[in-house]
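Since the structure comes first, as structure tokens, the remarks are kept for the end.
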Amino acid sequence: MTFPELYLKKNEDRRLRQGHLWVFSNEIDCTLSPLEQFSPGERVILKDASKKELGIAYINPHSLICARLLTRKTNISISKRFFTDRLQTALSLREQLFDAPFYRWVFGESDGLPGLVIDRYGDVLCVQITTAGMDALKPLLFDALIELVSPKTIFLKNALSLREMENLPQTDEIAYGTLPESIFIEENQAQFQIDLEHGQKTGWFFDHRNSRAKLASLCKDKTVLDVFSYAGAWGIPAALNQATHVTAVDSSQPALDQLGVNAGLNGVADKVTAIRQDAFDFLKQCRDQNQHFDIIVLDPPALIKRKKDFKNGYQAYQQLNRLALQLVNKNGILISASCSHHLQRENLHEILRSSARHIDRHLTVFAQEGQGADHPIHPAMAETNYLKTFFCSVSPSL
């Protein structure tokens, strides 16, 4: 099949040759390849300024990330076989890493499938497609998924704002099979029920599993505050590992309802108290009431979604950590995380340093974690390295 050609300006191929997979709209030679001649989702042959082929990409002329590279080989077909090969490679890694089929099977560019995320809940697959190029390839993708693992269900979780940027409909739907009444997973020796239809993002956050296991190992005979608790992935393993009590705070009642179900499922309902409240308001209330905890977990949603939001988001992270530090018992632990790509690890490190000094606490970092192995990092794409977690010991000022 012959694809139209997309040309880059001089020297704009350097990042791609170093391994990156994105082309930005200002890198394109619009004289040789006017953007208006392309349709969203169309596949193109990507060429440098000297007209050397760089690979096959798909394009959206209306997006800042204008093209995403699918393959550096221009002589292969983007067929079901293409998807089967990429999916099998990703699956082989996960099967080496995990004993049970509960993981992120596809993590976009890191698995060579830009614009695609797949979470696996046993024989139920939750698929999220964020680009017009990948959306156009859905039939090939679904055929490959069915061939590889014979799922009972493929659920498209596409009601997300990223699709709006690509002029795609924001709808959730069952693409294949039927959705079971209940979906269960195992993580860190705990059982969880997943609400795929109404849950946040793809229904579960596999990325923090290592950090949550580390928390579980620390909480014997401790009181734990789990802020932004969602459905209990941090708090319930803590309760199972002999925490004396877990206070779970979230602003979403459906999330807390699911947490209640999961606490009952694991036999720790008597150890877990769920509170529906804004996190900042709750922390201020605890400070005013002189309430303290042995371990506090801060796992907020991304507070910096765009680069232009950095200043306000940074201040929000700072306020959150300062408030939490005031509530940690003597010789307690603060676990502070950020999933905002725009907040670098160094930024969160500085927030913790300055916050501890601001309220006169001695803080040391005894462990650092990142995203789980089912969220592999592409070494040429900093965008894939987004999760950072600090485990901090907190004591009175020296």
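The values are calculated or read from the model by the stated rules, or taken from the named source; none is laboratory data. Just so you know, these numbers come straight off a predicted model, no measurement behind them. Note that each Cβ is placed from the backbone with ideal geometry, even for glycine, and that neighbours are counted across all protein chains shown.
Observations on the structure shown:
- Filter result for A367 (closer than 30 Å to Q96 by Cβ, of a type in the set (G, A, S) and not in a strand (DSSP E or B)): no
- Complete set of residues in the stretch 381-394 that are surrounded by 15 or more Cβ atoms within 10 Å (Cβ to Cβ) and either among the small types (G, A, S) or not in a strand (DSSP E or B) (or both): M381, E383, T384, N385, Y386, L387, S393
- H342 vs. criteria surrounded by fewer than 21 Cβ atoms within 10 Å (Cβ to Cβ), in a loop (DSSP other than H, G, I, E, B), in the same structural domain as I295 (by TED's automatic domain parsing) and not hydrophobic (A, V, I, L, M, F, W, C): yes
- I28 falls short of the stated requirement of being aliphatic (A, V, I, L, M), surrounded by 13 or more Cβ atoms within 10 Å (Cβ to Cβ) and touching a Pro at 6+ places or on another chain (Cβ under 8 Å).
- The set of residues in the stretch 110-151 being β-branched (V, I, T) and not in a helix (DSSP H, G or I) consists of V117, I118, V124, V127, I129, T130, T131.
- Qualifying position, being in the same structural domain as N321 (by TED's automatic domain parsing), among the acidic types (D, E) and closer than 15 Å to L334 by Cβ, among D226, D270, D278: D226
- Of N26, N60, N11, all but one fail to be outside the structural domain of L113 (by TED's automatic domain parsing), at positive phi and under 33 Å from the mean Cα position of the chain (by Cα); the exception is N11.
- Scanning the stretch 262-320 for residues that are among the charged types (D, E, K, R) and without any contact (Cβ under 8 Å) to a residue 12 or more places away in the chain gives D270, D281, D288, K308, K311.
Rundown of residues vs (1) within 17 Å of the chain's Cα centre (by Cα); (2) assigned by TED's automatic domain parsing to the domain that holds L64; (3) in a loop (DSSP other than H, G, I, E, B), yes/no style:
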site	(1), (2), (3)
L162	yes, no, no
Q170	no, no, yes
Q191	no, no, no
L196	yes, no, yes
G199	yes, no, yes
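- Taken over the stretch 13-33, the criterion of being under 24 Å from I76 (Cα atoms) and among the charged types (D, E, K, R) is satisfied by D13, R14, R15, R17.
Conditions (1) touching a strand residue (DSSP E or B) at 6+ places or on another chain (Cβ under 8 Å); (2) basic (K, R), marked per residue:
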| site | (1), (2) |
| --- | --- |
| K214 | yes, yes |
| G232 | yes, no |
| N262 | yes, no |
| T273 | yes, no |
| F280 | no, no |
| Q285 | no, no |
| K305 | no, yes |
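- Here the stretch 246-294 is the region considered, the condition is being assigned to a strand (DSSP E or B) and surrounded by fewer than 18 Cβ atoms within 10 Å (Cβ to Cβ), and the residue that is farthest from the chain's Cα centre (by Cα) is T273.
- Residue in the stretch 108-128 that is farthest from T153 (Cα to Cα), counting only those that are among the acidic types (D, E) and touching a residue at least 60 places away in the same chain (Cβ under 8 Å): E109
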